[in-house]
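S.K.: Sharing a structure with you now.
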Amino acid sequence: MITFKTKIKSFKVPNSWMDLTYLEYLNLVSLESVIDQSKLLTGLNDFELSSIDLAPITEALKFLTEPIEDIEESNYIDNLTILPEDIGEMSFEKKINVIEAIQNNNIIEVINIYSGVDVSNNSCFDVFGNYNFIENQVKAIIEKESEMLKSTVTYEQQLAGVDAFDVLKDFNIIDKIAQDYNYTHAEVEQLSYNLVFLILLKSNISTKFEQRYSEIMQNKK
């Protein structure tokens, strides 16, 4: 915090992510102008603000334009709670939910999914550090799936309308595993993501093997 002393009164203004809770940050960035932000921070009205130099306040608030991606990731929340080192060991359901929360830009929900803690009143530095810790793992998961779970859609499958299954998203996976392993859908959702990934990987490898083997045997005829 930076303390400003004026002829009207003294007040403090944040000048780093550590100086704001996440809720305070949301209130601050919802305001469109520096004047409105200054009114919120200082408690001064329009007339009182007109008698002071706003330049130092504007300078102090420059940190609000810094990308949150640059904040160092952290899995520490408090003395009782830390985020899992590998979110893949958590349930497949959590993986589904966290991707949806990221897509909706729901930062607090992303953290809550893997911690069970509402961090709204934690500093932005801590909240964004926690968020980055999770988001980076999710990005790695998506990249791994893209590289290792590639599948080729045949022309015949396209003609038959295989794309219609896309609307079901992850339920396709849940339903397939439930049928193959005699699980309920709820039981599949509670399997660890890492286990689900291995099941999908094996299925992908097996499908490609069977296709190649069939082609080889056809060529021998």
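S.K.: Applying the selection to the stretch 1-33, what residues are in a strand (DSSP E or B) and surrounded by fewer than 14 Cβ atoms within 10 Å (Cβ to Cβ)? Steps first, answer last, please.
M.R.: Kept after step one, since they are in a strand (DSSP E or B), are these residues of the stretch 1-33: 2-5, 10-13, 21.
Answer for the stretch 1-33, where residues must be in a strand (DSSP E or B) and surrounded by fewer than 14 Cβ atoms within 10 Å (Cβ to Cβ): 3, 5, 10, 12.
S.K.: Among the residues in the stretch 117-134, are any under 21 Å from residue 169 (Cα atoms) and buried (at least 17 other Cβ atoms within 10 Å of the Cβ)? Explain how you work it out, then say what you get.
M.R.: So the first thing to find is which residues in the stretch 117-134 are under 21 Å from residue 169 (Cα atoms), and the list is none.
For the stretch 117-134, residues under 21 Å from residue 169 (Cα atoms) and buried (at least 17 other Cβ atoms within 10 Å of the Cβ): absent.
S.K.: Going through the stretch 43-88 one residue at a time, which ones are under 18 Å from residue 32 (Cα atoms) and of a type in the set (A, V, I, L, M, F, W, C)?
M.R.: Those that are under 18 Å from residue 32 (Cα atoms) and of a type in the set (A, V, I, L, M, F, W, C): 44, 49, 54, 55, 57, 60, 61, 63, 64.
S.K.: From the list 168, 201, which residue is exposed (fewer than 12 other Cβ atoms within 10 Å of the Cβ) and either at pLDDT below 85 or within 20 Å of residue 138 (Cβ to Cβ) (or both)?
M.R.: Matching residue, one of 168, 201: 168.
S.K.: Output the number of the condition that residue 19 fails; it satisfies all remaining conditions of (1) among the charged types (D, E, K, R); (2) in contact (Cβ under 8 Å) with a residue 12 or more places away in the chain; (3) within 30 Å of residue 142 (Cβ to Cβ).
M.R.: (3)
The values are calculated or read from the model by the stated rules, or taken from the named source; none is laboratory data. Since this is a predicted model, take the numbers as computed values, not measurements. Heads up, the Cβs are rebuilt from the backbone with ideal geometry, glycines too, and the neighbour counts pull from every protein chain shown.
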